[in-house]
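Let me begin by presenting the structure, written as structure tokens, before commenting on it.
Any read-out appearing in this document is the output of simple, stated calculations on the displayed coordinates, not a laboratory observation. Everything numeric in this text was worked out from a predicted model, so none of it was measured. A quick note on method: Cβ atoms are made from the backbone with ideal geometry, for glycine too, and the neighbour counts reach across all protein chains shown.
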Amino acid sequence: MTSILVAPDSFKGTFSSVQVAQYISAGIREDGLTAIECPLADGGEGTLDVLLLALNGEERFQSVHGPIGQKVIARWGWVPDQRVAIIEVAQACGLHLSGVNPTDALRASTVGVGELVIAALAVGAEKIIVATGGSATTDGGQGAIDALESHEGALAGISIEVLSDVTVKFEDAAKVFAPQKGADPETVDLLNKRLDQVADSCVKRFGRDPRGIAQTGAAGGLSGALWAALGADLFSGAESVLSLVGFDELASAADAVVLGEGKLDSQSFLGKIVGVAARRVNNRPVLAVVGSTALDAAESSALGLSHIWVASNPTELHASGKVLAGWLSSPRTEHGS
């Protein structure tokens with residue numbers, strides 16, 4: 001029986017990757033084919049759920065300080081047999097927990113992320129995965145480092161892996177991301193100065209300067225602070241998630257792979273998970289179900305996609321599964337666009 005790996009990213013703001021995989025897979029199965037669900041994420045929001053599912057982890061809850069000082073209940077993940085904790089930064093200091101205005105953009109803190117790290121240490125974590133997307137912060141990670149100051153001994157020997165969907169450097173975090181978080185030009189200038197101060201402090205305290213290094217600007221410089229203060233390793237979120245969920249092995253065992261995301265465009269060539277995943281599939285048809293696409297046939301082919309279906313609601317996603325199952329089952333020697 002034909003086996004199809006269904007491995008979508010989320011349709012941001014609409015459906016999680018888990019939901020998208022379920023809708024498409026249901027349509028495939030109704031057409032008599034086997035669907036293997038493998039929801040994906042790029043290191044940003046949604047990464048927690050994807051890794052909890054793939055690693056058979058436990059969902060945990062922790063009361064922490066939100067980005068503007070309020071108390072929030074943050075979800076995090078625990079994989080007991082591997083002693084691995086999964087922290088999604090947006091759970092503690094996501095943009096949805098802050099006002100999008102200059103005042104909040106300036107005051108937003110990552111202290112809650114540090115508090116989640118402390119919770120992970122309390123259960124005996126030996127490895128902590130930190131997914132950085134969707135933050136409201138540009139504090140250079142100072143809040144998290146301050147929260148962890150009295151736990152430096154407990155952090156010795158702990159592996160910290162930071163997953164990022166951006167390559168921005170520490171010193172560019174305010175310029176690139178802060179306007180999206182409500183900062184006006186004056187606030188961006190203030191944040192730039194503060195990032196420099198944090199970097200100088202990292203050099204003085206830890207002997208490491210996060211400036212000039214790719215990926216240190218994720219989550220408003222949090223990734224750079226974790227790198228400088230705790231020796232964290234920085235990874236491409238897309239590449240890491242694909243490895244953690246066993247994507248290569250699943251793809252090699254399937255007859256075809258279905259990818260997906262909310263919008264397919266030129267950014268899909270620049271590290272977005274559809275492009276990264278497509279490049280890792282060998283000798284299998286790679287198809288895509290997307291909310292919308294700005295690519296023409298030649299660009300789709302260059303991305304490694306044999307065919308694209310557009311679907312924007314559960315009914316259409318379900319129907320796309322039936323259609324692509326029929327397309328793959330049709331008697332043809334090659335599947336073209």
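In table form, for the structure just shown:
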| item | result |
| --- | --- |
| Order of 204, 272 under a 10 Å beta carbon neighbour criterion, fewest first | 204, 272 |
| Proximal lysines to residue 322, defined as alpha-carbon separation beneath 24 angstrom and excluding residues fewer than eight positions away on the same chain | 12, 263 |
| Cα-Cα pairs of segment 47-238 separated by more than 32 Å (percent) | 7 percent |
| HN-Hα J in Hz across segment 280-291 - Karplus 6.51, -1.76, 1.60, θ = phi - 60°, x for Gly and Pro | 8, 9, 10, 6, 9, x, 10, 10, 9, 10, 9, x |
| Taking 327, 76 and counting other C-beta atoms within 10 Å, the order from fewest to most | 327, 76 |
| Local electrostatic count, residue 291, Cβ distance below 10 Å [Lys/Arg +1, Asp/Glu -1] | 0 |
| Pairwise Cα inverse-distance average, inverted: Kirkwood Rh of the chain (Å) | 20.5 Å |
| Above-threshold pairs, the threshold being 26 Å between Cα atoms, out of 169/204; 169/272; 193/272; 181/204 | 193/272; 181/204 |
| Residues 150, 240, 329 arranged by fewest to most Cβ contacts within 10 Å | 150, 329, 240 |
| Rg/Rh (Cα only; Kirkwood hydrodynamic radius) as it applies to segment 151-234 | 1.00 |
